[in-house]
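The values are calculated or read from the model by the stated rules, or taken from the named source; none is laboratory data. Quantities reported herein were computed from a predicted structural model and do not represent experimental measurements. We place every Cβ from the backbone using ideal geometry, glycine too, and count neighbours over all the protein chains shown. Just so you know, the surface numbers come from the protein's heavy atoms only, side chains and all, with ligands and any DNA or RNA stripped out. Shrake-Rupley method; radii C 1.70, N 1.55, O 1.52, S 1.80 Å.
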Amino acid sequence: MTDLLTVENLEVRYGSAVAVQRVALVVPQRGTVGLLGANGAGKSTVLKAIAGLVPKSAGRVLLEGRDVSAQDARQLVRAGIVYVPEGREIVPNLSVDENLVLGGFHLDGPTRRRRRDMVLGIFTEIADRAGSPAWRLSGGEQQMLAIGRALMAGPRLLLLDEPSLGLAPLLVRRVFEKLAVVRGETGLAMILVEQNFRLTVRVADTVHFMRGGRMLGRRDAADLRHPAAMEEAIAAYLGAGEAVT
Ligand code: ATP
């Protein structure tokens, strides 16, 4: 089966500064790929470049073998690539429902209503708050809304930028339990950018490590679930000072 996403030789510059270079990765159909690295390693930039939110100065992005490198962010959403930003960026003064509608802006009414029912059926915590302004939701509920809004677009590939940021461990677990349900129901693939090592190796199939804008290595997540392997990977890829969370 053709891989869902292939990134080849990606380079992104901000002005004259090279943020990421020679990045390559593959997301199989229904796969979850983790991207780990310290602050400033270039993880968010990789996601944004795949989503068409920052320009690529070199490289290609293929969706099921089709070159989508030149498509803009809106076209890529329609093609099934949807980015969930770090910090969530939901619209606080709009209701939960209105935020969801924003995620399905390009859909016809019946499809939008069907997707909304599907999203609220999964994220039951926010279902009975549909009319409330989004700012009233807790951090975990806001993360669910942000993911729910992304699911409104019917993505084939969800790009999750540090979904655990600022959330208590229990809430992180709840968000990921919900994502597992979504994956089971929709066959969605994901790239998960994280600084949380344990979470990433638990959820992902493969893990890539980044430092200084480059890929350092790739490992099967299952091989990193034992404490000794975890320690070895942290020393090899993330540096001795990296906290294991
Ligand atoms: P974090 O976990 O802190 O989000 P990251 O691994 O996602 O880090 P990026 O946000 O991709 O890293 O940043 C990679 C590099 O690009 C950093 O040196 C950062 O300072 C720089 N950078 C990111 N966004 C911009 C921007 N809009 N303009 C200029 N430089 C930027």
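Worth pointing out:
- With contacts taken as Cα pairs under 8 Å and at least 6 residues apart, region 76-213 reaches a relative contact order of 31 percent.
- Per residue, the accessible area of the chain comes to 44 Å² when a 1.4 Å probe rolls over the protein heavy atoms.
- All other residues whose Cβ lies under 10 angstrom from that of VAL7 are scored, Lys and Arg at +1 and Asp and Glu at -1, for a net of +1.
- Its relative contact order, with pairs defined as Cα atoms under 8 Å and 6+ residues apart, puts the chain at 26 percent.
- Local electrostatic count at GLY31 - Lys and Arg +1, Asp and Glu -1, tallied over other residues with Cβ under 11 Å: 0
- What the phi angles of region 194-206 give under the Karplus curve with 6.51, -1.76 and 1.60, with θ = phi - 60°, is a coupling list of 8, 10, 8, 5, 4, 4, 5, 6, 6, 8, 8, 8, 10 Hz, glycine and proline written as x.
- Choice from PRO92, PRO227, PRO169 with maximal GNM fluctuation in the chain (Cα, 10 Å cutoff): PRO227
- 222 nm mean residue ellipticity, helices alone, for the chain (DSSP H n ≥ 4; -39,500 (n - 2.57); rounded to 500): -10500 deg cm²/dmol
- Carbon + sulfur, % of accessible area of the chain - ligands and nucleic acids excluded, 1.4 Å: 50 percent
- Efficiency of FRET from Cβ geometry, ASN39 and GLU231, R₀ 25 Å, rounded to 0.05: 0.75
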